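A quick write-up on the structure given underneath.
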Amino acid sequence: MKKTILTGLRPTGNLHLGHYFGAGQNYVRLQDDYDFFLEIADVQALTDNFDNPDKVRKNVFEITKDLLAIGLDPKKVNFFIQSQIPEIAELTVFYSNLVTVARLQRNPTVKTEISQKKELFGNSGESITYGFLGYPVSQAADITAFDGEVVPVGDDQLPLLEQCREIVRKFNSIYGDVLKEPQQVLSKTTRVKGLDGNEKMGKSLGNAIYLVDDEDTIRTKVMGAVTDPNKIKKDDPANPDVCMVYYYHKLVNNDENINTVCNECKAGTRGCVQCKKELIEAMKEFLKPIQERRKFYEENPNEVKKVLEDGTKAARERAINKMAEVKKAMKIDY
Ligand code: TRP
Ligand code: SF4
C-alpha cells in the first residue's frame, strides 16, 4: 500500500519561482509514489487575512491553477479545500487541550511571522489573535485527519511539524495509539534568492518572478536584477557567483548556456545587458509549458472546480473515518 502524503499551501497569492523550486518540483516528483492529499489551506490563510475574504477566495482558484500548471495530475493528487472538511476544525478543538499557550508562543515559525506582521499584530505582537497563535494546532489536525505520514515542506515549516509530532505523542499517550507521527521530506532547493539578492524570494519583498508573469513583466524584473557591483564597463571581467542574473541562469537555463555565461563573464567578453536579455529568453522558455497548461484551466474554470470537488470528496471520506476512530478513543462516540 502506498504511504500517504499530506501537505498544504495558504491561498494568499500566486506561486512564484521560489515556491516552484522550493516545493512544487518536489510535489511533482512525489506524486507517482504516494497517496497524495494537497490541502488548499483557506482556513489557515484566514488566520492572518480574516479581514479580506475576497482575497482568500480568489486565491483558492489561482493557486489550484498554478499547481495544475506545474504538472500535478488531479488523477494522482487529491486537491481539497480545508474549510470544506469540518473534521479538521473539530480535531483542532480536541488537540487544543494538548498544547500549552507558552509552547505556541515559543514556536519559531509563529514567532517570526508575528514579528513580520507588525501592522496586524502590533509592534510586540500584543494584538495577536487566538486563531493565529493556534494555527499550528490546526495544522496538526490537517496532517493527522488523513494519517499523513510524509509531509513535503520547506525548512521554515519544520517547527510546525515538530509541534504536530508532540501533539500526536500526547494524544496517543492519553487516549491510545490512534494518530500517526508525520515525517518531513525537504526539497532539494529549499530557498530561492530574490532578484535583488535577498536570501528569500517573497511577495512582500517585491523580488519575485511569478509563474504567471508575462514577457513584459519578466523583462522589467530581470533588467532590474542585481549583478556584480564591481563590473562597471561592458568588457570588465566579473564574478558570476555574486550576480543574481547568473544565479537565475543556473535555475532556468541548460548546462551548456550556463557554462558559456560563466566563462564569458569571467573573461570580460559578455555585457550585462546581453546577459540579461538571454536570461529573459531562457525564463520565457522555462515558463512556457507551465503557462500553456495554465491557459487550459483558465479557459475551463469548471475543470478547476471539478478537480477541487472530487479531491475534497475523497479527502472528506478519509477524514470522517479518522474522526470515528478519534471519537471512540476519546470516549465521545455517543
Ligand atoms: N503552513 C503552510 C504554509 O504556510 C501551509 C499548510 C497548511 C501546511 N496545512 C499544512 C503545510 C499541512 C504542510 C502540512 O505554507
Ligand atoms: Fe552577471 Fe552576466 Fe553581468 Fe556577469 S555578465 S555580471 S553573469 S549579468
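Nothing in this text is a laboratory measurement; each read-out follows from the coordinates by a stated rule. As the structure is a computational prediction, the values presented were derived from the model and not from experiment. Using ideal geometry, Cβ is built from the backbone for each residue, glycine included, and neighbour counts are taken over all protein chains shown.
What the table shows:
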read-out	value
Potential lengthening between Val273 and Asn52 on full extension [0.36 nm per residue; Cα-Cα distance subtracted]	75.5 nm
Sorted by Cβ density within 10 Å, fewest first, the residues Leu279, Leu30	Leu30, Leu279
Peptides 3-10, 326-333 ordered by average Cβ neighbours within 10 Å, highest first	3-10, 326-333
Scattering profile of region 60-120 at q = 0.19, 0.22 Å⁻¹ [log10 I(q)/I(0), Debye over alpha-carbon scatterers]	-0.96, -0.95
Leading residue at positive end of dipole, the chain (Cβ point charges), from Thr7, Ser173, Asn59	Ser173
Descending semi-axes in Å of the chain, equivalent ellipsoid built from Cα gyration tensor	40, 22, 18
All lysines inside 17 Å of Lys65 as judged from Cα atoms, apart from same-chain residues fewer than 8 positions distant	Lys55, Lys75, Lys76, Lys288, Lys295, Lys305, Lys306
Placed amide H near Gln184: partners under 5 Å, 5+ positions off or other chain	Val151
Exposure proxy ranking, count of Cβ atoms within 10 Å, fewest first, for Phe146, Phe171	Phe171, Phe146
Compactness relative to 2.2 N^0.38 Å, alpha carbon Rg of region 215-293	1.08
Sequence-separation-based contact order of the chain, relative, with Cα cut under 8 Å and 6+ spacing, percent	22
Between helix 135-144 and the chain: long-axis angle, C-alpha atoms, 0 to 90°, nearest 10	80
Coil-residue chymotrypsin sites (Phe, Trp or Tyr not before Pro) of region 277-324, DSSP, other Cβ within 10 Å capped at 16	none
Rounded if a/c under 1.5, otherwise prolate or oblate - region 2-44, Cα gyration tensor axes	oblate
Sequence ranges 66-76, 132-142, ranked by mean other-Cβ count within 10 angstrom, highest first	132-142, 66-76
Folded to 0 to 90 degrees: helix 86-95 orientation relative to the chain principal axis, Cα	80
Estimated 222 nm signal from helices in the chain, with DSSP H stretches of n ≥ 4 weighted -39500 (n - 2.57), rounded to 500	-16500 deg cm²/dmol
Set of lysines near Lys276 by C-alpha distance (under 16 Å), chain-local residues within fewer than 8 positions excluded	Lys221, Lys231, Lys233, Lys234, Lys250, Lys266, Lys284
Dipole magnitude of region 195-304 about its Cα centre (Cβ charges: Lys, Arg +1; Asp, Glu -1), debye to nearest 20	280
Reach of Lys331 by Cα under 24 Å, taken over lysines that are not fewer than 8 positions away in the same chain	Lys170, Lys180, Lys322
FRET efficiency, 1/(1 + (r/R0)^6) with R0 30 Å, evaluated for Ala314 and Asp155 via beta carbons	0.55
Gained length - Ile174 relative to Lys111, 0.36 nm times residue gap less alpha-carbon distance	19.8 nm
